[in-house]
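Comments concern the structure below.
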Amino acid sequence: MKKNYLIILMLFFAFVTNAQTTVQGVPRNDLKLKAVTQKQLKAQTANATTFDDIQYWVGTGANQAAFVVQWNDNKTSDALVWGFKWDGTATGEDMIKAIAKADPRFFTLLYQGTQFGSAIGGFGFDLDGAGTNGLYKGIDKTFPFYPFDGIINTSAYDFDSYTVIDTNDHWQSGWTTGYWSYWVKDPTDSDFGYSGLGASSRELQNGSWDVWNFNPEMQPVDLATTFTPVTPYSKTIDFTKGYFMVNEDWFGHVNGSVNFIDANGNVHYRVYSEANDNHTFGATTPYGTIYGDKFYFVSKQEKDGGDTQYIPGGRLVVADAKTMKKIASFETIGGGDGRSFVGIDEKTGYIGASNGVYLFDIENMKVGSQIPTTGGGSQYAGQIGNMIRTSQYVFAVKQSAGILVIDPKTNTVIKTISGAFHSVTQAKDGSIWGIQEQKLININPLTFDTTVYAIPTTKYLGSWGAWNAGSFTYSNTENALYWNNNVSSFVAGTKIIRFDIATKTFNENFATLPGQTGTYKQILYGAGLRIDPVSGNLIVNTTESGFSFHYQKNWIHTYDTTGKLIDTKVLNDYYWFPAMAVFPDNAAPVVNSILPSQVSTGSPTIIDLKTVVSDEDNLSAAIVKTIKSNSDANIVSAEINANEELILTPKNGGTATVVISFNSNGKIVEKSISVDTSVLGRDEFTKVQLSIYPNPVSDYLNINTEDEIKNVVIYDVTGRTINTQLNNSQIDVSNFAKGFYIINIVTDKATYTQKFIKN
């Protein structure tokens, strides 16, 4: 009898002890050493906050519950409250995960899959809006942990070893030096009660409250008397203001991604995945471009087998450039790996691949056949690199072969410019340029004749072995080319080179990358260099030398047109492997008034179309001009020759309407010209020609006309006359304020009114 009594007594004390030291359903006998018991945890009713006060609701359904996190870290807005809605049944864990996924400011450390369900190790909240949610484990800050859907997972009760990256944020975690206590209140309860169960076992009721209250140093803290409602999070990003950074991302772990840097300098990470419920690109995304309000992302391979978080999109992903919403994705693009993309017209694009150039049907979103003779060679001996679309042709770099010239009217290769080229681009004045190891090659855009300019001392080696788009690029605001030097095919140099096209001079010391002291230095990665088409500023992305974990360090630098470093952004530590910057295409082409809306002629008339259209954020020289329609070809024939001249040839007396289409990077405007041929007789050609350039203009505005200029007057948008002096058909506008202006030009034959932009 005495023995049974002792057994019962022991079981009773064991039960009481375990009941008193249960945390999230886990028996914690170790806590009694610190004299922490359930009885010492006392709640204070938070009657001041009601469901009506909650501002941010997550989920949908007829049932409602409140979720509160109280950090007790002496920072403002300590006890934050969200609302959760659902139908059917839901647990406290369901509520935590739903809110963490919906609100990017909030994140949690979880140990999932234990015999007691999921253990809550820590909660964090981005207080300063810096977007640097993430954790370090222990003293090693080499490999940060970033939340996915708001969750960072661990596989042990090692919560005490985690610290937050941004110390300005809310963060508390712990298991033995502090812990999260769980307090609940259902509609039938008069007060909050301590829950010995974990979030996985907690079944929510309509009208219930869950409060997670951190106990620093194992000391209990009363619940707050009021909770602070979390303001709703807005995911709206204006993708027209800022620029994108396409990332190869971490091969073997995560598929390609894209970040966005807004006009205020804030970095928004993985914006495509954010907009498409964790969908992403294929494995290693080296190229992106915007054409006609669509964003084309090209990846080398279909998917990264190591990526278990995101849903791969394939070798080509097409998204809406203004919303990042997915339009289409393609696992295969003709059998090769992805390299590049260029828009041809409103119906067609070209895909550059490791085995040739492929047609892409933009209208129907379909990959087409290979363009003949663009294939050949192995994957790393005959791959396609950069491609550009001029007003007449497409120039595509092919490894070991040269530059292929493709006629987009017939989709055939009409010329191969032989040579070991690394890249090709078009300059502001319309000239075509290719680059080799230590040579700059000027290519006539019509005859394809070449002129070689030797690069004095530096080299450009590109990277065909692990292909990227390269740093060879152009400025839309000045007639100049830029690139960075190379030490080897896999090692970038520290210099940014500038080539002045007008004077044919090299500046091999235009700018030097920062971070060149110490053991590990900043180096370019991927394309590394691109130029904002509106401001003319250079955007340079760098990483840290040393390979391995050093590649987690990434910077984006901005240089002005003088080579001065004006801004630096530090990205979250991560293996982004940034590929290239891409700028939004906001402006449509503008047709100026020199292109007449009416033509009365009895003889063939030539109108130079090169000078009648401009685009603020794209190369005006690359605008494609086509005849969309002719209402009566029996009255007048209309054609555009290789020199981009519109030739109107009267055939019979009468009137007809000719519609000209101007396509600038996929944005299209049309101009109708009414042609009256009622007076026939003269055989000589009449040439209508007057243009102003460049437009937009920074310093000097040029007037191009064969007529004698009698008078020039410039007006601002208010109609005020601006003091103007003409000097050899040139006007100095360098002191003009930025904005729109109207110029009135009187010649000995006609009066012309045009608009220009001072930038």
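Provide the gained length on full extension for the span Thr373 to Phe51, in nm with one decimal, where the gain is 0.36 nm per separating residue minus the Cα-Cα distance.
The span from Thr373 to Phe51 would gain 109.1 nm if fully extended.
For the chain, which whole-number percentage of the solvent-accessible area (1.4 Å probe, protein heavy atoms only) is attributable to carbon and sulfur atoms?
Percent of accessible area from carbon and sulfur atoms in the chain: 50.
Using helices alone, I'd like the mean residue ellipticity at 222 nm for the chain: each DSSP H run of four-plus residues gives -39500 (n - 2.57), total over residue count, nearest 500.
-1500 deg cm²/dmol
What relative contact order, as a whole-number percentage, does the chain give when Cα pairs under 8 Å and 6 or more residues apart are counted?
7
Using the crude model of +1 on Lys and Arg Cβ and -1 on Asp and Glu Cβ, and no other charge, please compute the dipole size for the stretch 156-309 relative to its Cα centre, in debye to 20.
My answer is approximately 480 debye.
Filter the chymotrypsin sites (Phe, Trp or Tyr not before Pro) in the stretch 332-394 down to the DSSP loop ones having no more than 16 other Cβ atoms within 10 Å, then list what survives.
Tyr380
Cα convex hull of the stretch 718-759: mean projected area in nm², to one decimal?
Average projection, Cα convex hull of the stretch 718-759: 3.5 nm².
If R₀ is 35 angstrom, what is the calculated FRET efficiency for the pair Lys75 and Asp293, using the beta carbon separation as r and rounding to 0.05?
Efficiency, from the Cβ-Cβ distance: 0.20.
Label the stretch 85-171 by shape, choosing from rounded, prolate and oblate, from the square roots a ≥ b ≥ c of the eigenvalues of the Cα gyration tensor; if a/c is under 1.5 it is rounded, and otherwise prolate applies when a/b is larger than b/c, oblate when it is not.
Oblate, since a/c reaches 1.5 and b/c is not below a/b.
May I ask for the percentage of alpha-carbon pairs in the chain that lie more than 41 Å from each other?
46
Could you work out the Kirkwood radius for the stretch 324-380, taking every pair of different alpha carbons, averaging 1/r and inverting it, reported in Å?
11.8
Take the Cα atoms of the stretch 109-266, find their three principal axes, and give me the spread along each one in whole Å, biggest first.
Largest to smallest, the principal-axis extents are 53, 33, 27 Å.
Restricting attention to the alpha-carbon atoms of the stretch 614-759, what are Rg (one decimal) and Dmax (integer), both in Å?
Rg then Dmax for the stretch 614-759, in Å: 17.7, 51.
Could you tell me the center-to-center distance, by alpha carbons, between the stretch 102-164 and the stretch 547-604 in angstrom?
Each part's Cα centre sits 36 Å from the other's.
Would you tell me the accessible area of His550, worked out with a 1.4 angstrom probe on the heavy atoms of the protein chains, in Å² to the nearest 10?
My reading of the accessible area for His550 is about 20 Å².
Cα centroids of the stretch 390-458 and the stretch 193-242: how far apart, whole angstrom?
About 60 Å separates the Cα centre of the stretch 390-458 from the one of the stretch 193-242.
Let me know the longest stretch in the chain that avoids all GluC sites (Glu not before Pro) found in a DSSP loop with at most 16 other C-beta atoms within 10 Å.
The longest uninterrupted stretch comes out as 438-683.
Tell me the trypsin sites (Lys or Arg not before Pro) within the stretch 523-597 that lie in a loop according to DSSP and have at most 11 other beta-carbon atoms within 10 Å.
Of the trypsin sites (Lys or Arg not before Pro), the ones in loops of the stretch 523-597 whose Cβ has at most 11 other Cβ atoms within 10 Å are Lys564.
Which value in Å is the Kirkwood Rh of the stretch 277-373 over different Cα pairs?
The answer is 13.2 Å.
So with the 1.4 Å probe, I'd like the accessible area per residue for the chain, rounded to whole Å².
Here the residues of the chain average 42 Å² of exposed surface.
Over 22 Å between C-alpha atoms is what I'm after, so list which of Lys325/Lys347; Lys428/Lys671; Lys294/Lys569; Lys300/Lys326 land there.
Over 22 Å apart, Cα to Cα: Lys428/Lys671; Lys294/Lys569.
More than 15 Å apart: what percent of Cα pairs in the stretch 409-481 qualify?
60
How far, in degrees from 0 to 90, does helix 92-102 lean away from the longest principal axis of the Cα atoms of the chain, to the nearest 10?
Long axis of 92-102 versus the principal axis of the chain: about 20 degrees.
Cα convex hull of the stretch 445-490: how many Å³ per residue?
It comes to 126 Å³ per residue, whole-number rounded.
The values are calculated or read from the model by the stated rules, or taken from the named source; none is laboratory data. Remember, it's a predicted structure, so these values are computed and weren't measured experimentally. No Cβ is skipped: glycine too gets one built from the backbone with ideal geometry, and neighbour counts run over all protein chains shown. We work out accessible area using only protein heavy atoms, side chains counted, and drop any ligands, DNA or RNA first. Shrake-Rupley method; radii C 1.70, N 1.55, O 1.52, S 1.80 Å.
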